[in-house]
């Protein structure tokens with residue numbers, strides 16, 4: 001069992017914290033994979049998606065909710081946690097070149113999507129168009145603000161979807177309102193089971209093919 005040592009903790013919003021460890025993980029090879037971790041005083045493990053690129057220091061985006069996540073959000077640099085395993089096949093994205101790629105997320109679900117967006121922008125394969133649709137209550141709840149601006153400067157199109165601000169439409173409602181043609185799209189989503197169910201009903205009506213509705217689980 002490997003120990004991960006916390007290097008930095010940045011509060012991204014009221015409830016979201018970006019936590020970077022000192023260690024890299026050679027077994028992490030693909031955006032979308034996640035880790036199983038455990039604390040000394042816990043009898044069970046928690047699962048968190050990785051937000052970094054392979055060969056970078058391990059990083060997570062956590063909501064301050066649940067025993068282990070809350071403990072990590074309230075930790076200090078130098079504290080450690082036990083890494084049990086790296087799991088999951090990650091996102092399947094070998095066929096995205098010259099396709100329209102849309103990312104749809106809510107809350108901390110943008111974390112693993114961050115990893116894939118950075119990978120596509122840095123090393124490819126390069127889609128002909130990249131969109132990010134992210135849902136939160138308010139703009140103040142949006143993590144990675146400076147990074148999103150950087151992605152936009154590199155061609156990403158960002159659709160913020162705030163439940164309690166602006167037009168007050170979440171991601172599913174905004175997709176339904178704008179009704180983009182998804183026939184040639186690949187859509188990656190990260191969120192709750194209910195979120196995925198509601199999203200699927202809309203995007204399939206907009207032309208998305210079943211095999212192009214993808215997540216990291």
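Of all residues in segment 125-133, none are surrounded by 22 or more Cβ atoms within 10 Å (Cβ to Cβ) and either in a helix (DSSP H, G or I) or in the same structural domain as residue 27 (by TED's automatic domain parsing) (or both).
Exactly one residue out of 175, 116, 187, 121 is part of a helix (DSSP H, G or I), buried (at least 22 other Cβ atoms within 10 Å of the Cβ), outside the structural domain of residue 43 (by TED's automatic domain parsing) and touching a helix residue (DSSP H, G or I) at 6+ places or on another chain (Cβ under 8 Å), and it is 175. Of all the residues that make up segment 25-69, how many are assigned to a loop (DSSP other than H, G, I, E, B) and exposed (fewer than 14 other Cβ atoms within 10 Å of the Cβ)? Number satisfying all stated conditions: 10. From the list 79, 41, 95, 27, the lone residue that is without any contact (Cβ under 8 Å) to a residue 12 or more places away in the chain and outside the structural domain of residue 127 (by TED's automatic domain parsing) is 41.
For (1) under 16 Å from residue 27 (Cα atoms); (2) more than 11 Å from the chain's Cα centre (by Cα), each residue gets a yes or a no:
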residue	(1), (2)
45	no, yes
49	yes, no
59	yes, yes
75	no, yes
79	no, yes
85	yes, yes
88	yes, yes
98	no, yes
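Taking the criterion of being at pLDDT 95 or above, buried (at least 21 other Cβ atoms within 10 Å of the Cβ) and assigned to a loop (DSSP other than H, G, I, E, B), the only residue of segment 190-217 that qualifies is 208. Within segment 159-172, the residues that satisfy the criterion of being in a loop (DSSP other than H, G, I, E, B) and either buried (at least 16 other Cβ atoms within 10 Å of the Cβ) or outside the structural domain of residue 140 (by TED's automatic domain parsing) (or both) are 163, 169, 170. Scanning segment 1-32 for residues that are touching a helix residue (DSSP H, G or I) at 6+ places or on another chain (Cβ under 8 Å) and more than 21 Å from residue 73 (Cβ to Cβ) turns up 31, 32. The set of residues from segment 85-112 being surrounded by 15 or more Cβ atoms within 10 Å (Cβ to Cβ), assigned to a loop (DSSP other than H, G, I, E, B) and at positive phi comprises 88, 90. Among the residues here, residue 201 does not qualify as free of Cβ contacts under 8 Å to residues at least 24 places away in the same chain, more than 26 Å from residue 60 (Cβ to Cβ) and touching a helix residue (DSSP H, G or I) at 6+ places or on another chain (Cβ under 8 Å).
The values are calculated or read from the model by the stated rules, or taken from the named source; none is laboratory data. All of these numbers come straight from a predicted model, not from anything done at the bench. Because the Cβ atoms are built from the backbone with ideal geometry, glycine has one as well, and the counts that use them run over all protein chains shown.
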